[in-house]
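The values are calculated or read from the model by the stated rules, or taken from the named source; none is laboratory data. Keep in mind that this is a model prediction, so the values were computed, not measured. Cβ placement follows ideal geometry from the backbone for every residue including glycine, while neighbour counts extend to all protein chains displayed. Remember, those area values only see protein heavy atoms, side chains included, never the ligands or the DNA or RNA. Shrake-Rupley method; radii C 1.70, N 1.55, O 1.52, S 1.80 Å.
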Amino acid sequence: MAKYSLTNRCLLVLLFMAAINKVYADNGYKLWLEYNKVSNRQLAVTYRQQLQYMIFPAQSDQLKAAKAELLTGLDGMLALKPRDTKSITNGQTIIIGTPRSLKAFSITAPDSIGSEGYLIKTALVNQKKCIIITANTDAGVMYGVFNFLKLIQTHQSINKLDLSDHPRMMYRVLDHWDNLNRTVERGYAGSSIWNWHKLPGVVDQRYIDYARANASVGINGSVVNNVNADALILLPQYLLKVQALANVFRIYGIRIYLSVKFSSPVELGGLKTADPLDPAVKKWWADKADEIYRYIPDFGGFLVKANSEGQPGPQSYGRTHADGANMLADALAPHHGIVMWRAFVYDNKVPDDRFKQAYNEFKPFDGKFRDNVIIQVKNGPIDFQPREPFHPLFGAMPNTPLMMEFQLTQEYLGFSTHLVFEAPLFAECLQSDTYTHGIGSTVARVIKGDYNKKLITGMAGVANIGTDLNWCGHPFAQANWYAFGRMAWNPDQSSAVIAGDWLKMTFSNDDSFVSPVKNFMLQSRENTVNYMTPLGLHHIMGISTHYGPGPWVDNAGRPDWNATYYHKADSAGIGFDRTGAGSDALSQYAPEVKAHWENLRTCPDEYLLWFHHLSWTYKMRSGRSLWDELVHHYYMGADSVKQMGLTWNKMQGRIDAERFTEVKQLMQVQLNEATTWRDACVLYFQTFSKMPVPAIYPRPEHSLDYYKKMKFYYVPGIGGNNYMTN
């Protein structure tokens, strides 16, 4: 099968050129690539003087795309189109390319930036001052161009540049939980952007803009289908469709991956078993891998969810996770593909504490996986809760690559109606100290491979992208996509810097807008924890939909699907005892971490009820009782949303009216829902504490029975029934 014909290549070039130049209203479609006009006149004049001429030999599709992006950005921000030239004009020339494409100028790129890094530098070339953007590969040049544009978008000086950067992770991947029928599991921004019915004949320009956005923040991989996979994705008719997407992504340095169903040899191949040790099964997967690579020569590999939530896997045949992952890895190895094997598992038998299960299942197999297998581990041990301690597997498998999995789609954070900037959540996990290699061995250092240079490295984000005009449902939800890319590139980046850059690139450089909005963005996740799950509470949302409060849920299909399993509220107190006197989940951490969280004198309030069952009268650091502290956090959370809305109201006139109005309305929705969470949870837990709500707080508007009977019809993100009760 042909890799990609000349006709297709020409079509793609035309498509992305058309896409970049298309004019959209201020509806958020352009994401952080708005390329708003530089409003500071003197700064704009200075930029124009420095960028009059351009030397940018672009032969490959990737360099052509980078050049088109540069021209689009400079035109939008400065109404400038640098003159293409082969000679250098002093102080006015920007030179862009790889050392190979710039042979005439003897430009070099340091080995330290690797294959995807870049260098942006002011230097003398032929005795004339120039700006140089160079890299060892075309992909690195593209990343350099996007970051040079970011300097102008954020109004930085380009007088004396000396910047170099490179990604700390090899695999920086978005995971789409998109189904072939265009529904999106836990998706809150419309249908899937992949129109499988029209592919491969129709290549929507949204696919190109998606690829541009990813490249702009360094994302280099995309898993285009749900981890609860449909075996049909491996049929030739679908591989043709996947090939069409891969042809677009390739131009922007992005490899395509597929989620695969472990039972595919049975469902598609007519085999009687999917046993990973069966020779016929091994051959089926090897042949399938060969077939995929004939369609997509740079195919990235497989993502696998196995033996979890009813999905088939190797344990169905008495085999291990290592057996299953290694079989698939062997099929991909000749093509340099990888297997991303998810650690989100829990078996059919309810454990004493679901917290412990992934560790118990994977820790014994450290060092037993093939080199091209990476274990994809959620940031916390339960399931993307508003706050979780870092997963105990991080640091516990020194001979196995571990890939961080964050969730951008806000399954437990208010869907796309709540403004929740997730970068502080990411940073909280990444900067947690595992102590597994001594003090300072943070989660970030573990997943970067600092302690084992032989390991492949990566970070995955469950995408929050759909067909909504603004891609993510809430204008501010775009910031989570952006922040994920930035932190996958470098997990040590500052949440505040990322928030500031995103606001400037997306809305305005006006500090009277950026400063107050950045402040509430950075606080927004803590607000949400407070009105949903303060003091270490977790998993108390509505059953199945995960929408709205449901601390009373006690009738789900198995105990560890119930909220009551996690908060364990009774007349004596509240919280899950994971100390040695309880489930002993804390023993899965390094002794230093265990000691810190097990001791009530050192355990932070944020994790208190994660690890301890305490009396309602337990005296907190604030001097309040546990009950009063819990109530205080619930009311503080809802009030913080109100204050966020008041701050936003002052931004009227500082940005476009369309997005201002949309965010204003969404903030009112968030306030209403935060108040519901507050009142429902306080009333429910009061039935156990038997203690009054302090008089300084307003009374709940409704009774507990009212909240328990609330019904929500057609909740997005799930299939099945037309409504769910909490």
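Within the stretch 321-359, the residues that satisfy the criterion of being under 20 Å from Q588 (Cα atoms), touching a helix residue (DSSP H, G or I) at 6+ places or on another chain (Cβ under 8 Å) and not aromatic (F, W, Y) are H321, A343, V345, D347, V350, P351, D353, R354, K356.
Among the residues making up the stretch 369-396, those that are crowded, with 24+ Cβ neighbours inside 10 Å and under 19 Å from G438 (Cα atoms) are P389, F390, H391, P392, F394, G395. With respect to the stated conditions, S625 is in contact with a Lys or Arg (Cβ under 9 Å, 6 or more places away or on another chain) and under 25 Å from A581 (Cα atoms).
Hand me the list of helices (runs of 4 or more DSSP H) wholly inside the stretch 472-571 holding 2 or more residues that are hydroxyl-bearing (S, T, Y) and surrounded by 22 or more Cβ atoms within 10 Å (Cβ to Cβ). Qualifying helices (runs of 4 or more DSSP H): 495-506, 511-532. Mind listing just one residue for me: the one in the stretch 215-272 that is in a loop (DSSP other than H, G, I, E, B) and of a type in the set (G, A, S) and, of those, nearest to L63 (Cα to Cα)? Once the filter is applied, the top-ranked residue is G253. Taken over the stretch 291-324, the criterion of being open to solvent by 60 Å² or more (accessible area, probe 1.4 Å) and in contact (Cβ under 8 Å) with a residue 12 or more places away in the chain is satisfied by R294, E309, Q315, S316, Y317, R319. Applying the set (1) over 29 Å from the mean Cα position of the chain (by Cα); (2) modelled with pLDDT of 95 or more to G637 leaves exactly one unmet item: (1). Looking across the stretch 94-123, the residues that are free of Cβ contacts under 8 Å to residues at least 40 places away in the same chain and among the hydroxyl-bearing types (S, T, Y) come down to S106, T108, S115. The condition (being without any contact (Cβ under 8 Å) to a residue 40 or more places away in the chain and either surrounded by 21 or more Cβ atoms within 10 Å (Cβ to Cβ) or of a type in the set (G, A, S) (or both)) is satisfied by just one residue among N126, N220, N136: N136. For first residues located in the stretch 47-58 and farther than 16 Å from V125 by Cα, partners that are among the aromatic types (F, W, Y) and surrounded by fewer than 20 Cβ atoms within 10 Å (Cβ to Cβ) and lie 6+ apart or on another chain with Cβ distances below 6 Å do not occur.
A count restricted to the stretch 440-471 and to residues that are part of a helix (DSSP H, G or I) and in contact with a Phe, Trp or Tyr (Cβ under 8 Å, 6 or more places away or on another chain) stands at 4.
Determine if the stretch 398-406 includes at least one residue that is free of Cβ contacts under 8 Å to residues at least 40 places away in the same chain and surrounded by fewer than 24 Cβ atoms within 10 Å (Cβ to Cβ). Checked against the condition, which is being free of Cβ contacts under 8 Å to residues at least 40 places away in the same chain and surrounded by fewer than 24 Cβ atoms within 10 Å (Cβ to Cβ), the stretch 398-406 yields no hits at all. Reported count of residues in the stretch 445-468, each being surrounded by fewer than 24 Cβ atoms within 10 Å (Cβ to Cβ) and over 21 Å from S222 (Cβ atoms), is 9.
For the stretch 168-210, the set of residues classified as open to solvent by 20 Å² or more (accessible area, probe 1.4 Å) and either touching a helix residue (DSSP H, G or I) at 6+ places or on another chain (Cβ under 7 Å) or farther than 16 Å from T467 by Cβ (or both) consists of R168, M170, Y171, L180, P200, G201, V203, Q205, listed by residue number. Restricting the first member to the stretch 75-88 and to residues that are without any contact (Cβ under 8 Å) to a residue 60 or more places away in the chain and more than 18 Å from Q153 (Cβ to Cβ), and the second to residues that are of a type in the set (S, T, N, Q) and in a loop (DSSP other than H, G, I, E, B), the beta-carbon pairs closer than 7 Å and six or more apart or on different chains are R83/Q52; I88/N126. Exactly one residue out of T46, T72 is closer than 21 Å to N214 by Cβ and open to solvent by 20 Å² or more (accessible area, probe 1.4 Å), and it is T72. Residues in the stretch 650-686 that are open to solvent by 60 Å² or more (accessible area, probe 1.4 Å) and part of a helix (DSSP H, G or I): A657, E658, T661, K664, Q665, Q668, N672. Only one of the listed residues (K650, K642) is in contact (Cβ under 8 Å) with a residue 12 or more places away in the chain and touching a helix residue (DSSP H, G or I) at 6+ places or on another chain (Cβ under 6 Å). That residue is K642.
For Y589, state whether it is of a type in the set (F, W, Y), at pLDDT 95 or above, open to solvent by 10 Å² or more (accessible area, probe 1.4 Å) and at negative phi. Yes: the conditions hold for Y589.
For the stretch 425-444, a residue qualifies if it is hydroxyl-bearing (S, T, Y), farther than 15 Å from R168 by Cβ and open to solvent by 10 Å² or more (accessible area, probe 1.4 Å), and the qualifying residues are S432, Y435, T436. Among the numbered conditions (1) closer than 30 Å to F712 by Cα; (2) of a type in the set (S, T, N, Q); (3) surrounded by fewer than 16 Cβ atoms within 10 Å (Cβ to Cβ), the only one that S640 does not meet is (3).
Scanning the stretch 603-634 for residues that are over 29 Å from the mean Cα position of the chain (by Cα) and either closer than 17 Å to E388 by Cα or part of a helix (DSSP H, G or I) (or both) turns up H612, H613, L626, W627, D628, E629, L630, V631, H632.
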